[in-house]
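This report concerns only the one structure given below.
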Amino acid sequence: MTPQHIHISGLKCDAVIGILAHEKSTPQPLVFDVEVTIDARAAIASDAIGDTLDYATLSEALIKEAQARPRELLERLHHELLMLIARQPNVCHASLRIYKPQALEHLGAVVSISGEWVAP
């Protein structure tokens, strides 16, 4: 295998997430940092986008899924987005960090959740 790492940093969207009343009714900003390890052998041989991870398509899919429905917990959203990444072709490993900048803004802090998936 020829592993290569694709990084998507600072991907932004607004989504409805949270347990507080105002969070359940008003979209708030989220920021995603993604790292995906792919098996790049086919892409190296073909030089064709169809043989690799299309990061623009993945970015759009992540935003679409985050905005698809309200969620209460970052844990749930994180899991769903990580599984979406894992289903992409040639993915061997993925890590995702989601930032929720407004969660503790009044305390001068930023909340984030992170985790990873490794192909079986």
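Where a number appears in this text, it was derived from the coordinates with a stated rule and is not lab data. Bear in mind the structure is a predicted one, so any value in this text is a computation, not a measurement. For neighbour counting, all protein chains shown are included, and Cβ atoms are generated from backbone atoms with ideal geometry for every residue, glycine included.
Miscellaneous remarks
- Estimated [θ] at 222 nm from DSSP helical runs (n ≥ 4, -39500 (n - 2.57)) normalised by residues in the chain, nearest 500: -9000 deg cm²/dmol
- Projection of the Cα convex hull of the chain, averaged over all directions and equal to a quarter of that hull's surface, yields 7.5 nm².
- Only the Cβ atoms of Lys and Arg (+1) and of Asp and Glu (-1) were treated as charged; on that basis the dipole of the chain about its Cα centre amounts to roughly 280 debye.
- Least to most buried among 26, 52 (fewest other Cβ within 10 Å first): 26, 52
- Here the contact order of the chain, divided by its residue count and restricted to Cα pairs under 8 Å and six or more residues apart, works out to 27 percent.
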